[in-house]
Amino acid sequence: MRRFKLQVQVSVDGYMAGPNGEMDWLTFPWTDDIAAYIDALTKQVDCIVLGRKLAEGFIPAWAAGPEGETQESIDQMNDTPKVVITDSLAESPWPNAEVAGGDLTETIESLKARPGGDMIAYGGGTLVRDLIGRGLLDELHLFVNPTAIGAGMPVFPKGAYQRLNLVGSRSFECGITALHFEPKRS
């Protein structure tokens, strides 16, 4: 069965965005060491899972070829099939992307049962919290930025109690620390 990973940027105090969706606290530019780490993390990925709101910005941004990204990274993001989790769209307005709605657990279990490499979720916030809350992820890769923002969109659902095993951690020259966790399964 495929492994399902989460890669998310997070503040030191556990937020993935500010109260109004602000992302100005993110650490940029990244250094070569973090780029190599992410390349290794995504090497086996052949399916990107996104929430609809994130997809609306993510997919067109990569299609336009974001500044500062290598052509290889741009091609990889654009060529990797995407699944957009939404109940508000009947069909995908984007190339190389399908929409999936209905019961989230059933949808993810169906995706994981398909043949192929790993899957990765980048967000958005509601999707991330639902995936964590339902125990649907096999790996959590939290990229902790050296900034506390005090309030915002939390990574973990309110009231969620989940034990995690720390698989590894690594700090990078740009100041970000990657924490790799796997959920403890009972």
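A few points about this structure:
- Within the accessible area of region 39-147 (1.4 Å probe), percent carbon and sulfur: 48 percent
- Shape call, the chain: gyration tensor on alpha carbons, a/c limit 1.5: rounded
- Amide proton proximity set for Thr31, modelled H, under 5 Å, gap of 5+: Cys174
- Taking each of Lys82/Lys112; Lys5/Lys184; Lys82/Lys184 in turn, the alpha-carbon distance tops 18 angstrom for Lys82/Lys184.
- Trypsin sites (Lys or Arg not before Pro) restricted to DSSP loop in region 99-166 with at most 15 other C-beta within 10 Å: Arg134, Lys158, Arg163
- Phi-based couplings in Hz for region 67-72 (Karplus 6.51, -1.76, 1.60; Gly and Pro marked x): 4, x, 9, 6, 4, 4
- Amide proton proximity set for Ala121, modelled H, under 5 Å, gap of 5+: Lys5, Leu6, Gln7, Val49
- Förster-model FRET efficiency, 25 Å R0, Glu98 and Lys43, C-beta, rounded to 0.05: 0.65
- Counted over region 66-186, the DSSP beta bridges are approximately 75% antiparallel.
- The chain, dipole about Cα centre (Lys/Arg Cβ +1, Asp/Glu Cβ -1), debye to the nearest 20: 840 debye
- Top positive-direction residue, dipole computed over the chain with Cβ charges, set Gln9, Pro157, Ile59: Pro157
- Modelled this way, with points 7 Å down the Cα-to-C-beta line, the labels at Val12 and Ala61 are 2.4 nm from one another.
- Gain upon complete extension [Arg114, Tyr161; 0.36 nm per residue less C-alpha separation]: 14.0 nm
- Normalised per residue, the accessible area of region 1-148 is 49 Å², obtained with a 1.4 Å probe and no contribution from ligands, DNA or RNA.
- Computing FRET efficiency as 1/(1 + (r/R0)^6) for Asp79 and Glu182, where r is the C-beta to C-beta distance and R0 is 35 Å, gives about 0.80.
- Rel. contact order, % - alpha carbon contacts under 8 angstrom, at least six apart, the chain: 38 percent
- For Gly101, the amide hydrogen comes within under 5 Å of the amide hydrogens of Thr86, counting only partners 5 or more places away or on other chains and with H modelled in the peptide plane.
- Charge context of Glu72, other residues only, Cβ under 13 angstrom, K/R +1, D/E -1: -3
The values are calculated or read from the model by the stated rules, or taken from the named source; none is laboratory data. Remember, predicted model here, so these are calculated numbers, not experimental data. As a convention, Cβ positions derive from the backbone with ideal geometry for all residues, glycine included, and neighbour counts pool all protein chains shown. Only protein heavy atoms, including side chains, enter the accessible area calculation; ligands, DNA and RNA are left aside. Shrake-Rupley method; radii C 1.70, N 1.55, O 1.52, S 1.80 Å.
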